[in-house]
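What follows is one structure encoded as structure tokens, with my remarks underneath.
Please treat every number below as a calculation from the coordinates, not as lab data. In this text the structure is predicted, and so the values were computed from the model without any measurement. Because the Cβ atoms are built from the backbone with ideal geometry, glycine has one as well, and the counts that use them run over all protein chains shown.
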Amino acid sequence: MEANLDIKKETTINITKRSGSGGEALKVLLFIFISAIVILPILITVFASFKSLPQIGSESALKPPTSLNFENYKEVLKSANVFVGFKNSMILVVASVVINSLLSTMVAYCLTRFDFKLKKAYFAIFLVGLIIPGIVTEISRFGLMTNIGVYDTLLAPILIYAGADLMQIYIYKQFLEQVPVSVDESAMMDGASYFTIYWRIIFPMVIPATATLGILKAVDVLNDMYIPFLYMPGVENRTLSTLLFNCITDPRTSSIPKLSAAAVIVMIPTLVIYFIFQKYIFSGIAAGAVKE
Amino acid sequence: MLKNNVKMQKNLVLVTFLFIPTILISLFMIYPLIRLVALSFTSWDGLSLTKTFVGLTNFKKIIFDSPEVWLSLKNNGIYFVGHLLFIPIELFLAFLLDNRVRNSKMFKTITFLPYMINTVAVACMFIFLYSSQDGVLNSMLQFFHMDKIGWLSDPEIVNYSLTGVSLWKFSGIHIILFLAAFQSLPKDMIEASIIDGASTFKQFYHIVLPNIKPVVEIVLFLNVRGALQIFDIPYVMTSGGPNHASETFTVQTINTAFQYQNFGLACAMAIVLMIIIIIFSIIQKKLFNLKG
Amino acid sequence: MIKKKLFKNLRLALVGAALLSTVVAGCSNTNSTSSTASDKKVTLKMALWGDDEYKYMTETNKIADAYKKVNPNVTIEVEKIAKTEYDNTMKIRSTANQLPDVFPIRQANLSLYGDTMVPLNDLKATANNIYAKETMIKGNVIGLPEAVFNEFVFYNKDIFKEYNLEIPKTWDEFIKVSQTIKDGKKYTPLALGLKDSWVNYPLNEYMPMLEAGDGQYYNEMATKDDPFTKGQPFYDAYTKIQKLYDAKVFGDDPLGYGWDQQRAMFVAGKAAMFAAGSWYKSDYNQNGGKDENLGVFLLPTRNTTSDPFYTTAMTEFFWGVPKTSKNQKEAKEFLEWFFGDYYTQLATAINIKPTMKGVSYNDKFFTQAFDGVDAKSVTVFYDDKYNKVKNAMKFDVNGIGQQMMAGKTSLDSIMNDLNAQWKKARGN
């Protein structure tokens, strides 16, 4: 399998080499340009996080900091318990991603493999879920959360994040539709139950898609501020993003340099997750060998 | 006998697999939606214990007596068109990133980077970039002896500046989806065309594009939803200013609910928005299928 | 084969992780339940948005410990909610009966809470509060204001020295001072980051009150059909503001920078003046601003030196107890205690102008602003009637400020528009 993949890579590289050098240079140039656009704002923020407020007020944002001044970082770390935030964020991410991928693959499995009454209506419900406007519905949701007793616990956001959404179901569906039903049928012949089929065949098949969707979910959860802010006011339940949110609104940290430091601190875990798992986003899909 | 057993098993799977997702979506999506509809017929201020039933007054007010609400939809339109115009570019970039450019691995990483960053952090970054005091973009313009631009202060420009931020942040997710689609295509299909000597562009247009139609469709739908619901970028960066020039429909809804204490009206606005999203999506789907 | 095993392990790991994190999440649930009333021990939940108060109550002089000494059965839990989200959060919590037992209401929202809060009319603290009676809602005191804020213009003494400037005493002098600094081409005369529209509140929100010499002028406006007509205080105040805006003394493009940059410019010595409330002082110091070249004066909005000099006093942080609180009695007792000695210490420590009789206030820094002017202070207050009109027409003075700064619509047409909308909103 691995070897197979390598050969494929080789051929693609050969192909690109063959397809002319002028075009190739142009393509690379295009991506260098895009990279510059992507990196510039991030770079400015990193620069700003090492400057003092008077420096921000008096020099160009493009000017690199003259020294690595960690004052802003210290200030942010002092004003917020980053470790508790990190722990909570991680719990939210792991629980939400795992439950969410199990639930959404189950729904997708049911929707692609079975015909049942109200199937269309069921789809429509998920469609509604996708276009329902946030925040205004929060008032009803909030009452509900307090009634079932999960207010100010990590369970509240997990319950919200865990639910399957239409986009996930749709992408899983795309994947599953490419898995021939004959695979299921032959397993059935061998005496496997539907549960076994889901667990042994379907779930492994869609792991590449799960990798992509899981990482996207993880990023959404890590970056979401409003739900943890609203449902978990307790200091012990702060997450990384609510910490950033507090930094913005706290005058001790809301000035540009400190805010930049806070933004960088919050960015780091997301980026670490991204850099570790990115190969699953990209190569995972290709290695998924859907056509097998 | 066997058939009966299978049928029972099927029902069992359906019930067990769909039970939790259904509960979650009913509690956190459908129930709030029902309350939203109910509240839209009241003049509730969001706080007092009495909720006065006012019939269709709120809807009448939105449709006939709220020019500012409809003007704000025009701003949503700018986001919509901006992202729509970018979809072909995103498609092409995803296609190149699918191993058709040197260092595609590195460029992939960079292209998706913005999506990983917290929206509030993104907003902070772009505030430096757009600022009229030592802002990076204006310093660059000055360097080339061009006139400064009021990126966030000119009512004619502010929405385009904000759309730029939205493009910066969200283009990556579209590219991921497209890339996933490309990579799930059978490789031999493309290889065959390469052997035929088809150029990159021809491969793209004639072979790849028709095969990823479903993903393009979902991206188009996500775009309608995203553009019509866009909220955090204008809210954080300009709070809808200057003088309401960059308010989007959702920003107005939230202000109506919380700043102007008219929760019933805000609920009605949310419902109107949902209807608009549905209508737009249907029209777009029809048009897309006509063309395809 | 290996692949299969890997998947199996992966799946097991997934399920394990899901269970584990649910358990962990569930566990952290248990410690937040409050104690029951059976043993008469009570936990009072308290929420606030003020950073200085929060720091004082949780670090400098812990309010929970201080109150334990007086009332050992009561535990105080303090929660800070982000300033920008405070109003929304309280509103959402109110719908689910989750309001804290004691919390401050922002003055702008006071009338909204008329039915929600317990009347505090009979408290001793109410009798001792200078402003409580001025800020009643439907005949009840529902919140006790904690602080009074005056508005000032902070200025950089070095820059004033450099241009030989005197502290302005009238509106024209104020514009002239700004103009002189502008002509020097070295500094921004008045930092105003109008990208964040609220920063112009000392001008666009308060000047009509100063013009009328009435802190409740907006309430008065709510009784009229066309308060934006020429010759009325609102119109006159806005004419003055327009004159200042037209002088273009806020840098290249004030609509293009925000509060953050406004502060950065002033602290960095690139801007000469800065209009804000007394609360800005601690922010200035925290961001490295030096006291020795910081001066302060009252915004002079009068036409001539023989006119009366008005300045605003804004009461804020209205502490109250919601009707949904299960511990109303304890919460009221707590408020009685809070506005006693603890309040005196708090007010001194965080340097707020007190609202309680007998609490002394001698802040040398801000008193210099009152030297030499016979300033009359008007207490800002918005009543229910005004709020109704405001909400019905989405009246937003700060947004109008941005519009005036943009300078594309004439003041007359803005005012005519407002008159029409105001009349309509009153009609509903």
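Dipole check for the stretch B:71-253: with +1 at the C-beta of Lys and Arg, -1 at the C-beta of Asp and Glu, and the Cα centre as origin, the magnitude is about 360 Debye. Cα-based values for the stretch B:1-158, radius of gyration first and Dmax second, are 26.0, 85 Å. Among the lysines of the stretch C:85-191, pairs that are 8 or more positions apart or on different chains and have alpha carbons within less than 18 Å of each other number 13. Remark on C:V42: its backbone amide H falls under 5 Å from those of C:V74, C:T75, a criterion applied only to residues 5 or more positions apart or on other chains, H modelled at 1.01 Å from N.
Peptide B:105-111 shows a mean partner chain C-beta count of 6 within 10 Å per residue C-beta. In this rough spin-label picture, where each label sits 7 Å from Cα along the Cβ direction, the B:K51-A:K120 distance is 3.2 nm. Distances between placed amide hydrogens fall under 5 Å for C:M117 paired with C:K323, all partners being 5 or more residues away or on another chain.
Comparing B:I230, B:Y130, B:F92 along the charge dipole axis of the stretch B:71-253, the residue lying farthest to the positive side is B:F92, per the Cβ-charge model. For a test of the definition: using alpha carbon positions, the gyration tensor, and the 1.5 limit on a/c, classify chain A as rounded, prolate or oblate. It is oblate, given that a/c is not under 1.5 and a/b is not larger than b/c. Sorting B:T238, B:T256 from the fewest to the most surrounding beta carbons within 10 angstrom yields B:T256, B:T238. Its Kirkwood hydrodynamic radius, worked out from the mean inverse distance over all distinct Cα pairs, puts the protein assembly as shown at 31.0 Å.
Karplus-derived 3J(HN,Hα) values for the stretch B:107-114, using 6.51 cos²θ - 1.76 cosθ + 1.60 with θ = phi - 60°, are 5, 4, 3, 5, 4, 8, 3, x Hz; glycine and proline are entered as x. Along the stretch A:223-235 the Karplus relation, 6.51 cos²θ - 1.76 cosθ + 1.60 evaluated at θ = phi - 60°, assigns HN-Hα couplings of 8, 6, 9, 5, 5, x, 4, 6, 9, 10, x, x, 4 Hz to successive residues, with x for each Gly and Pro. The long axis of helix C:328-337 is offset from the longest Cα principal axis of chain C by roughly 50 degrees. Between helix A:2-18 and chain A, what is the angle of the helix's C-alpha long axis to the longest principal axis, kept within 0 to 90° and rounded to the nearest 10? Relative to chain A, helix A:2-18 is tipped by roughly 70 degrees.
FRET efficiency for the pair B:H206 and B:S139, taken as 1/(1 + (r/R0)^6) with r the Cβ-Cβ distance and R0 = 56 Å, rounds to 0.75. Annotation: the residues C:K364, B:K105, sorted from fewest to most other C-beta atoms within 10 Å of their own C-beta, follow the order C:K364, B:K105. Scaling the Cα radius of gyration of the stretch B:49-112 by the globular reference 2.2 N^0.38 Å produces a ratio of 2.11.
Of the residues A:W199, A:P228, A:M145, the one whose Cα sits farthest towards the positive end of the charge dipole of the stretch A:75-287 is A:P228 (charges of +1 on Lys and Arg Cβ, -1 on Asp and Glu Cβ, taken about the Cα centre).
The ranking of A:L244, B:L141 by Cβ neighbour count inside 10 Å, starting from the fewest, reads B:L141, A:L244. Evaluated over the stretch B:105-211, the count of Lys pairs having alpha-carbon atoms less than 27 Å apart is 8 (only pairs 8 or more residues apart or interchain).
Is the C-alpha gyration tensor of the stretch B:139-292 telling us rounded, prolate or oblate? Criteria: a/c under 1.5 is rounded; beyond that, a/b larger than b/c is prolate, otherwise oblate. Because a/c hits 1.5 or more and a/b fails to exceed b/c, the stretch B:139-292 counts as oblate. Applying 1/(1 + (r/R0)^6) with R0 = 51 Å to the Cβ-Cβ distance of C:A375 and B:I63 gives a FRET efficiency near 0.55. Scalar couplings 3J(HN,Hα) for the stretch B:251-265, obtained by applying the Karplus form with A = 6.51, B = -1.76, C = 1.60 to θ = phi - 60°, are 4, 5, 4, 5, 5, 4, 6, 9, 7, 9, 6, 10, 5, x, 4 Hz; x denotes Gly and Pro. For the protein assembly as shown, a simple Cβ point-charge model (Lys and Arg +1, Asp and Glu -1, everything else neutral) yields a dipole of about 3000 debye relative to the Cα centre.
Bridgeable lysines around B:K61 (alpha carbons under 22 Å apart, same-chain partners fewer than 8 residues away excluded): B:K51, B:K74, C:K385, C:K388, C:K390, C:K394, C:K423, C:K424. Using the Kirkwood radius built from alpha carbon pairs, what does the Stokes-Einstein equation give as D for chain B at 25 °C and 0.890 mPa s, in µm² per second? For the chosen part, D equals 109 µm²/s. How far, in degrees from 0 to 90, does helix C:384-393 lean away from the longest principal axis of the Cα atoms of chain C, to the nearest 10? Relative to chain C, helix C:384-393 is tipped by roughly 80 degrees.
Taking the charge dipole of the stretch C:299-428 about its Cα centre, with +1 at Lys and Arg Cβ atoms and -1 at Asp and Glu Cβ atoms, the residue from C:T379, C:Q368, C:N391 reaching farthest to the positive side is C:N391.
In plain terms, the chain from C:A64 to C:E79 could stretch by 4.2 nm, reckoned as 0.36 nm per residue minus the Cα-Cα distance.
I need the calculated FRET efficiency for the pair A:E236 and C:Q421, taking r as the beta carbon distance and R₀ as 45 Å, to the nearest 0.05. My answer for the efficiency is 0.40. Does a label point 7 Å from the Cα of B:F19, set along Cα-to-beta-carbon, have any residues of the stretch A:134-174 with amide nitrogen under 18 Å, and which are they? Flagged as within label range: A:163-164. Judged by the ratio a/c of the largest to the smallest principal axis of the C-alpha gyration tensor, the stretch C:308-398 counts as oblate, that ratio being 1.5 or greater while a/b is no larger than b/c.
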